[in-house]
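Right, I'll just put the structure down here and ask away after.
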Amino acid sequence: MTKEELFKLEERALREQIAESLRESADDIEFGGLTLGDDSEEPEELDIIIPQTVQLEIELERQINGDDDNRHYELIYKLSWIE
């Protein structure tokens, strides 16, 4: 199976901004669709249709970096389905 990355957005944001974005996405998902995009000068948008039933995966990872004992956390919400 070959994977194709259709959209990716990575940015630093305040916790409140992230929460608002997740609430907006949740509302869109509840109504069956979602538009992915960014606010750049040449925004690319991708409209997707979310089926009624999908697989939900929530994952929390922790990485400890060597001697300095810094910890890096990654929280992932993943929806998957087959068309």
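The values are calculated or read from the model by the stated rules, or taken from the named source; none is laboratory data. Remember, it's a predicted structure, so these values are computed and weren't measured experimentally. Glycine also receives a Cβ, built like all others from the backbone with ideal geometry; neighbour counts cover every protein chain displayed.
For region 55-83, give me each residue that is among the aliphatic types (A, V, I, L, M) and under 15 Å from the mean Cα position of the chain (by Cα).
Listed by number, the residues that qualify are Leu56, Ile58, Leu60, Leu75, Ile76, Leu79.
Need pairs with beta-carbon distance below 8 Å; first residue at negative phi and in a loop (DSSP other than H, G, I, E, B) and within region 1-25, second hydrophobic (A, V, I, L, M, F, W, C) and surrounded by 11 or more Cβ atoms within 10 Å (Cβ to Cβ); sequence gap 6+ or separate chains.
From region 1-25, the pairs are Phe7/Leu36; Leu9/Leu36.
Suppose we keep only residues that are modelled with pLDDT of 95 or more and surrounded by 10 or more Cβ atoms within 10 Å (Cβ to Cβ) within region 1-20. Which one would you say is nearest to the chain's Cα centre (by Cα)?
Step by step, filter region 1-20, then rank; the result is Ile18.
Is there a residue in region 14-22 that is of a type outside the set (Ser, Thr, Tyr) and within 20 Å of Ile82 (Cα to Cα)?
No, there is no match, as no residue in region 14-22 is of a type outside the set (Ser, Thr, Tyr) and within 20 Å of Ile82 (Cα to Cα).
Return the residues of region 26-52 that are of a type in the set (A, V, I, L, M, F, W, C) and in a loop (DSSP other than H, G, I, E, B); say none if nothing qualifies.
Residues satisfying the conditions are Phe31, Ile50.
Moving to a separate point now. Answer yes or no as to whether Leu56 is in contact (Cβ under 8 Å) with a residue 12 or more places away in the chain and surrounded by 10 or more Cβ atoms within 10 Å (Cβ to Cβ).
Against the criterion (in contact (Cβ under 8 Å) with a residue 12 or more places away in the chain and surrounded by 10 or more Cβ atoms within 10 Å (Cβ to Cβ)), Leu56 does not qualify.
Any residue at all in region 57-79 that's modelled with pLDDT of 90 or more, of a type outside the set (Val, Ile, Thr) and assigned to a helix (DSSP H, G or I)?
No, region 57-79 contains no residue that is modelled with pLDDT of 90 or more, of a type outside the set (Val, Ile, Thr) and assigned to a helix (DSSP H, G or I).
Looking at the structure I just gave you, is Leu36 in contact (Cβ under 8 Å) with a residue 40 or more places away in the chain and surrounded by 10 or more Cβ atoms within 10 Å (Cβ to Cβ)?
Answer is no for this residue.
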